[in-house]
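**Student:** What follows is a structure written as structure tokens; I'll ask about it next.
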Amino acid sequence: MSSPIPKTQIEKTQAQLLKHHGGNGYQASLMIANSYDARHDRSFWRFWDESVACHYQVGDGVLDLGAGIGQFVRDCANRYPKSSVYGIDAATYMVNDAVKLPANAQILLDDLNLPQAPIAENSLAMVMANNMVHELTQPIKMFKATYQWLKSGGRFCIIDPIRQPLKQQLDKAYSHTQLWGDETSVEDLENVFEFFLEHNRYHADDLIYLLESAGFKVVDNSTLLNGKFIRLVVEK
């Protein structure tokens with residue numbers, strides 16, 4: 001019997017993302033699409049203009065890391081029509097189902113665990129990573145690439161879940177009786193604990209430490225959704 005062909009790095013990432021999305025890529029893309037407008041309301045765009053786009057000059061590039069089906073890429077391309085706007089995602093079920101993009105925008109299939117996208121150094125003014133850092137096996141290579149792609153004064157916005165007490169996750173999934181009852185299956189427990197581990201990778205201080213170690217300066221630090229998410233803006 002022949003040995004199985006080793007998976008490439010991006011294939012490993014794609015398999016991990018599909019598992020992270022519950023094994024249903026279509027459902028994941030639909031959920032992202034349906035929640036987009038609520039997550040990018042007037043308040044968000046006011047924050048973006050004041051805190052992230054403040055050093056933008058006409059022609060500067062814009063990048064969305066973990067772009068999904070490209071809704072943010074589309075909106076940035078319309079807001080900055082003289083700029084090249086990029087999105088990067090490794091999930092083919094997202095990229096292949098992308099929204100129609102303006103001529104100045106494109107989505108690149110790339111693995112953010114080891115980015116290889118052909119983006120010129122010092123060419124970007126703004127980079128977004130919204131709810132995706134925790135999906136990576138490690139964010140070091142992505143943070144390093146982002147620093148290289150940004151121009152001096154360029155800004156990087158990270159919105160991501162931060163560690164919460166295990167009690168919150170278990171109380172949400174089970175009543176006390178269910179959690180300790182014989183009827184609670186091992187499979188269900190494994191799913192709950194895997195979800196907890198995937199969405200509680202970092203404390204806020206962990207992300208700040210990594211970003212500052214990469215050379216960034218923190219210029220905005222706030223929490224969202226009752227402290228469940230952190231929103232950082234850092235500058236090169």
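Readers should treat all values here as calculations from the given coordinates under stated rules, not as data from a laboratory. Because the structure is a prediction, the values reported are computed rather than measured. Cβ placement follows ideal geometry from the backbone for every residue including glycine, while neighbour counts extend to all protein chains displayed.
**Student:** Measure off 7 Å from each Cα along the Cα-to-Cβ vector at VAL219 and ALA117, then give the distance between these two points in nanometres to one decimal.
**Tutor:** 2.0 nm
**Student:** Looking at the chain, identify the longest residue range that excludes and avoids all GluC sites (Glu not before Pro) in DSSP loops having at most 16 other Cβ atoms within 10 Å. Present the calculation step by step, with values, prior to reporting the outcome.
**Tutor:** Working: sites that count: GLU121, GLU183.
Counting at most 16 other Cβ atoms within 10 Å as exposed, the longest clean stretch of the chain is 1-120.
**Student:** Treat the chain as a sphere of radius equal to its Kirkwood radius over Cα pairs and apply Stokes-Einstein at 25 °C in a medium of 0.890 mPa s; give the translational diffusion coefficient in µm²/s, rounded to a whole number.
**Tutor:** 130 µm²/s
**Student:** Would you please give the FRET efficiency between PHE196 and SER43, computed as 1/(1 + (r/R0)^6) with r the Cβ-Cβ distance and R0 = 25 Å, to the nearest 0.05?
**Tutor:** Efficiency, from the Cβ-Cβ distance: 0.30.
**Student:** Compute, for segment 126-220, the length of the dipole vector about the Cα centre, with Cβ point charges of +1 (Lys, Arg) and -1 (Asp, Glu) only. Units Debye, rounded to 20.
**Tutor:** Dipole size: approximately 840 debye.
**Student:** Work out the count of Lys pairs in the chain where the Cα-Cα distance is under 27 Å, with the pair 8 or more places apart or on different chains.
**Tutor:** 29
**Student:** Put +1 on the Cβ of every Lys and Arg and -1 on every Asp and Glu Cβ in segment 54-157; which of GLY87, CYS54, VAL99 then has its Cα farthest towards the positive end of the dipole?
**Tutor:** Checked the options; the winner is CYS54.
**Student:** Report the Rg/Rh value for segment 24-89, based on alpha-carbon coordinates and the Kirkwood definition of Rh.
**Tutor:** The Rg/Rh ratio comes out at 1.00.
**Student:** How much length, in nm to one decimal, is gained on full extension between HIS55 and LYS100, taken as 0.36 nm per residue of separation minus their Cα-Cα distance?
**Tutor:** Full-extension gain reported as 13.4 nm.
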